[in-house]
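Derivation of every value follows stated rules applied to the coordinates shown; laboratory data play no part. Given the structure is predicted, the values throughout are model-derived calculations rather than measurements. For neighbour counting, all protein chains shown are included, and Cβ atoms are generated from backbone atoms with ideal geometry for every residue, glycine included.
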């Protein structure tokens, strides 16, 4: 990153009821993004979101949690900056709008909505054991979603797209 350049904002999304392997991937993704100078934006709650924030904090980086409710104290304890939006699930669109790229790890329909917003904006989306979409009339997964093998692949790919 050149002098005076702003750190890229990268969204990391995934389920609040994540599996242990998904949380481990999220922690690694957070650590790698932080050490490479990115700011991580997430939904600020538990599961993948807490895992990524722990990874970021452990590497001395900054994470921003855009919370669905009105109480910043609802954020997971590892969030660097908790912003209570009061928007509920609509905050997923704000996460996509604010960021230059996204890494989805596992996840449910909330994650799917974040992926869809990002694709609609034409921004890079990387999936680690997450959604692969088949467009209408398509035979296979949407080529706009990079299917990453692991955390290193995901972080390297998304940052290379910027």
| query | Over the chain, what number does the Rg to Rh ratio reach, with both radii from the alpha-carbon atoms and Rh per Kirkwood? | reply | 0.95
| Which shape class, rounded, prolate or oblate, goes with segment 95-162 when its Cα gyration tensor gives a ≥ b ≥ c as root eigenvalues, a/c under 1.5 marks rounded, and past that a/b bigger than b/c marks prolate? | rounded
| note | Place a point 7 Å from the Cα of residue 162 in the direction of its beta carbon; the residues of segment 25-52 whose amide N falls under 14 Å from it are 30-42
| said: Just to be sure I understand: with springs between alpha-carbon atoms less than 10 Å apart, which residue in 101, 58, 138 has the highest mean-square fluctuation in the Gaussian network model of the chain? | reply: 138
| Which of 67, 90, 45 moves most in a GNM of the chain, Cα contacts under 10 Å? | 90
| said: Between segment 92-162 and segment 1-73, what is the separation of their alpha carbon centroids in Å? | reply: 15
| field | Pairs of alpha carbons in segment 32-86 whose separation is greater than 13 Å (percent) | value | 47
| remark: Of 139, 114, 27, the most mobile residue in a GNM of the chain (C-alpha springs, cutoff 10 Å) is 139
